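Written below as structure tokens is the structure these notes are about.
Just so it is clear, none of the values below were taken in a lab; they were calculated from the coordinates. Because the structure is a prediction, the values reported are computed rather than measured. Virtual Cβ from ideal backbone geometry, glycine too; neighbours counted across all protein chains shown.
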Amino acid sequence: MSAGIRILSFIVGYFGLVLFQVLVLNRLDLSFYINPYIYLFSILVLPFRMQHWVLMLVAFVSGLLMDAFSGTAGLHAASLVFLAFVRPHWINVITPKGGYEAEDRPSIRAQGFSWFLLYSIVLVFLHHFFYFFLEVFSLTSAFSTLGKTLLSTIVSTILIVLMAYLFSRERKRA
């Protein structure tokens, strides 16, 4: 697949995620404590060896787009940039001995369910923690914010893993 087609595919997929997030998930009234955010799936599945500054730029633009649709004045941009900052470090921690190919990207089928679950749940938790604490910007409601972070992380991760199964075309390596 050429670079242009991959970029176009990413843009179309990301707009689809944002629309689903804004038109469906943001309108669901699950609970005060459950706010699933799946738009970060697009950042989670970018190639492993993407240059860090490009990853941060993509996250910033993606977060600004989400903020524009959500009216959240930079919360999504800041938390998605934080996710993009932490992602390469977390990938280094969980990289297998053989490493990854240059064009590899995180995938439930390529790396396996356990790896993808660990990869995504930690990054989703960090994103949500950063987002919800920025949202309240106070430690007075730390326990409710932590509860919101945990429950939203669980629901978001379940949805992200389901999306990983649905949109993955790769085969698991032997």
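Observations on the model:
- Test: residue in the stretch 12-26 that is crowded, with 19+ Cβ neighbours inside 10 Å and of a type in the set (V, I, T): yes
- The set of residues in the stretch 89-114 that are touching a helix residue (DSSP H, G or I) at 6+ places or on another chain (Cβ under 7 Å) and without any contact (Cβ under 8 Å) to a residue 40 or more places away in the chain comprises W90, I94.
- Filter result for V136 (farther than 23 Å from W53 by Cβ, touching a helix residue (DSSP H, G or I) at 6+ places or on another chain (Cβ under 8 Å) and free of Cβ contacts under 8 Å to residues at least 12 places away in the same chain): yes
- Looking only at the stretch 92-151, residues that are part of a loop (DSSP other than H, G, I, E, B), of a type outside the set (V, I, T) and farther than 17 Å from Y33 by Cα come to 13 in all.
- On the stretch given as the stretch 59-118, residues that are among the small types (G, A, S) and exposed (fewer than 15 other Cβ atoms within 10 Å of the Cβ) total 9.
- Taking the stretch 123-145 as the range and being surrounded by fewer than 17 Cβ atoms within 10 Å (Cβ to Cβ) and at negative phi as the test, the residues that pass are L134, E135, V136, S138, L139, T140, S141, A142, F143, S144.
- Matching residues in the stretch 67-88 - criterion: being free of Cβ contacts under 8 Å to residues at least 40 places away in the same chain and part of a helix (DSSP H, G or I): D67, A68, A77, V81, F85, P88
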